[in-house]
Amino acid sequence: MHPGEEVDFKGQLKYERFQFFFRRHWMKFFQIVVFPLPIAFLIIPSLMVMGYFFIGLDYIFLRAFFVFFSMILTFGLIAIGFIQVINYYFDLVIVTDCRVLVVKKSVFLRNNSDALDLTKIQDIGVEAHGILRNYLRYGSLVISLSTSAPPIYINYVPNPHNYLEWMNRVKREHIVHRQEKKHSPNSAAGASDFQPSDYFQDVQRIQAS
């Protein structure tokens with residue numbers, strides 16, 4: 001998918017055009033999956049020891065309980081792994097010609113999205129500290145707003161300098177477009193005919209989604 005390609009997405013406003021999107025770097029998924037492995041390595045020997053102990057008992061109820069507990073625990077670990085894979089593909093950053101959408105979704109647990117208007121973005125920078133981040137080419141986009149609000153960090157951005165350049169290009173084009181529209185002789189009439197209808201249609205589309 002290339003920047004500026006015509007794409008429709010859920011929650012898109014009528015008058016905005018898709019520019020590009022990106023997912024977080026695979027290192028985020030790697031940390032979530034690999035770091036709990038020591039816990040799994042502790043659980044497996046514990047289950048083996050407990051299984052050896054329960055097999056030696058003559059109580060069928062305790063044996064059945066141990067088998068049921070082991071099945072539930074195994075299924076839970078596998079389900080957590082699949083959920084993390086799905087969350088990796090749901091976690092998106094979408095950039096249009098008028099705003100930046102940070103989508104954070106999880107299976108049945110979370111469905112959040114933050115929208116940043118390009119007119120409120122004062123500056124965009126990159127932070128990539130450390131050998132690992134620079135070697136694997138990922139970092140954080142730091143978005144400074146024109147208000148007194150603290151900067152917004154988008155972490156685990158792959159090739160952050162490339163996306164920094166793309167976002168700055170989209171922001172400059174947005175500013176030029178607003179200036180041209182403002183100095184256009186039909187801007188006053190166009191605004192009165194365009195904004196209200198589009199606003200209500202956008203509200204209805206967001207409510208329907």
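Values in this text are rule-based calculations from the coordinates and carry no lab data. Computed from a prediction, not measured in an experiment: that's the story for all the values here. When we count neighbours, we look across all protein chains shown, and the Cβ atoms used for this are built from the backbone with ideal geometry, even at glycine.
Key figures for this structure:
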{"read-out": "C-alpha center-to-center spacing [the range 79-141, the range 14-30] in angstrom", "value": "7"}
{"read-out": "FRET E, pair Tyr89, Ala115, Förster distance 30 Å, beta-carbon r, rounded to 0.05", "value": "0.90"}
{"read-out": "Unsatisfied cross-links (Cα-Cα over 20 Å) in the set Lys28/Lys120; Lys10/Lys181; Lys120/Lys182; Lys10/Lys104; Lys104/Lys171", "value": "Lys28/Lys120; Lys10/Lys181; Lys104/Lys171"}
{"read-out": "Additional length obtainable on full extension of the chain from Tyr135 to Glu173, 0.36 nm per residue less Cα span", "value": "10.5 nm"}
{"read-out": "Theoretical FRET efficiency, 1/(1+(r/R0)^6), r = Cβ-Cβ of Asp97 and Asn159, R0 35 Å, to 0.05", "value": "0.95"}
{"read-out": "Per-residue ³J(HN,Hα) for the range 147-155, Karplus 6.51 cos²θ - 1.76 cosθ + 1.60, θ = phi - 60°, Hz, x for Gly and Pro", "value": "8, 7, 5, x, x, 9, 9, 10, 8"}
{"read-out": "FRET efficiency for Gln122 and Tyr15, using Cβ-Cβ distance with R0 set to 22 Å, rounded to 0.05", "value": "0.40"}
